[in-house]
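The values are calculated or read from the model by the stated rules, or taken from the named source; none is laboratory data. Just so we're clear, the structure is a prediction, and the values are computed from it rather than from any experiment. Note that each Cβ is placed from the backbone with ideal geometry, even for glycine, and that neighbours are counted across all protein chains shown.
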Amino acid sequence: MSRKHQLRTDRETKSPIINVTSKQQETALYIALSKVVNQLNTKFGDKISLKHQSQWYLKDIVTELKSSFPKVEFHDRFKNSSIRPDGGILYLEGKPDDKFIYPILIAEVKNQGTNDQRLKEGKPEQAKGNAIERLGKNLIGLRTALLRECIFPFVCFGYGCDFAQGSSILDRVRTMAMFGVLNQTRLYDEENGKFKRGSFYFREEEWQVDEMAKIMYKIAECSVYYYFSKYSESHFIK
């Protein structure tokens, strides 16, 4: 299926959901995202036009940055380079002549750690993995892309034995969270934009669909109200 298609109806939830590969559609993240989209459409109706893209091209980010910060030099080289969050980018569409997108939810899910299973199998422990290290690049790009706004609607759900309470790996996560408290929603910028943290939910147990959907919906809903306040509701009416 083409990644360029927009929202479609998921066979299980019967609500609009992102058109991605069949394997991705079966993940808990995308089922949770479907629930969020359905709730948003119920809540806001014709006041918003929801769109989704699986990736955010660097050339498009740079174009928006140049428009927002004309005195600053920006550069990108390869036209096909992009940031691909696990859950893509859910955003509001503005007026037809508006070239900007207005992200309301950017979600990731990371599973890390196999030592619990290895111990059950009588195998020796391995060095802890680096699944979350790959988050760093995305975070730099996404935080920069949203410098024009006072929110950062990013959330990452991490699970696995590497994220058990007391694990040193959690300090890597805290570093990515700009040393913020984990397992709390941090949507709004702090200290006049100096801290654009995002929300990092990490634990040993796997995150369930309804748990993620509840957190994701609150981020998306508050983001919609933020854009309404800054740009007015009329800017987003279908």
* To do: Filter the range 188-230 down to residues that are closer than 25 Å to Ile48 by Cβ and in a strand (DSSP E or B), then give me how many there are.
  => 2
* Filtering the range 206-232 down to residues that are at pLDDT 95 or above and of a type in the set (D, E, K, R), which residue is farthest from Cys161 (Cα to Cα)? -> Lys230
* Return the total of residues in the range 40-67 being surrounded by 14 or more Cβ atoms within 10 Å (Cβ to Cβ), over 18 Å from Leu105 (Cα atoms) and hydroxyl-bearing (Ser, Thr, Tyr). => 1
* Asked: In the range 99-132, which residue that is of a type in the set (Asp, Glu) and surrounded by 13 or more Cβ atoms within 10 Å (Cβ to Cβ) is modelled with the lowest pLDDT?
  -> Asp116
* Structure fact -> Per the filter on the range 68-87, residues within 15 Å of Leu146 (Cβ to Cβ) and crowded, with 18+ Cβ neighbours inside 10 Å are Ile83, Pro85
* Scan the range 206-238 for residues that are acidic (Asp, Glu) and under 20 Å from the mean Cα position of the chain (by Cα) and jot them down. => Glu206, Asp210, Glu211, Glu221
* Structure fact -> When every residue in the range 133-170 that is of a type in the set (D, E, K, R) and at pLDDT below 95 is compared, the one farthest from Lys110 (Cα to Cα) is Lys137
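Before we move on, is Thr185 in a loop (DSSP other than H, G, I, E, B) and either under 30 Å from Asp97 (Cα atoms) or within 14 Å of the chain's Cα centre (by Cα) (or both)? First the steps, then the outcome.
Values: in a loop (DSSP other than H, G, I, E, B): yes; either under 30 Å from Asp97 (Cα atoms) or within 14 Å of the chain's Cα centre (by Cα) (or both): yes.
Considered against the rule, which asks whether it is in a loop (DSSP other than H, G, I, E, B) and either under 30 Å from Asp97 (Cα atoms) or within 14 Å of the chain's Cα centre (by Cα) (or both), Thr185 comes out as yes.
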* **Residue that is farthest from the chain's Cα centre (by Cα), among those in the range 63-86 that are in contact (Cβ under 8 Å) with a residue 40 or more places away in the chain and not in a loop (DSSP other than H, G, I, E, B)** => Ser68
* Within the set of pairs 6 or more residues apart or between chains, which connect a residue that is free of Cβ contacts under 8 Å to residues at least 40 places away in the same chain inside the range 38-53 to a residue that is assigned to a helix (DSSP H, G or I) and surrounded by 17 or more Cβ atoms within 10 Å (Cβ to Cβ) with Cβ atoms less than 8 Å apart? -> none
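Look through the range 139-169, keep the residues that are in a helix (DSSP H, G or I), under 16 Å from the mean Cα position of the chain (by Cα) and not hydroxyl-bearing (Ser, Thr, Tyr), and return whichever of them is farthest from Gly180 (Cα to Cα). Even if it seems obvious, please write down each step before you answer.
Here is the first cut: in the range 139-169, the residues in a helix (DSSP H, G or I) are 139-145, 161-163, 169.
Right, trim to under 16 Å from the mean Cα position of the chain (by Cα) and you get 139-145.
From what is left, the residues that are not hydroxyl-bearing (Ser, Thr, Tyr) are 139-143, 145.
Numbers: Leu139: 14, Ile140: 16, Gly141: 19, Leu142: 17, Arg143: 15, Ala145: 20 Å.
Ranking the qualifying residues of the range 139-169, first place goes to Ala145.
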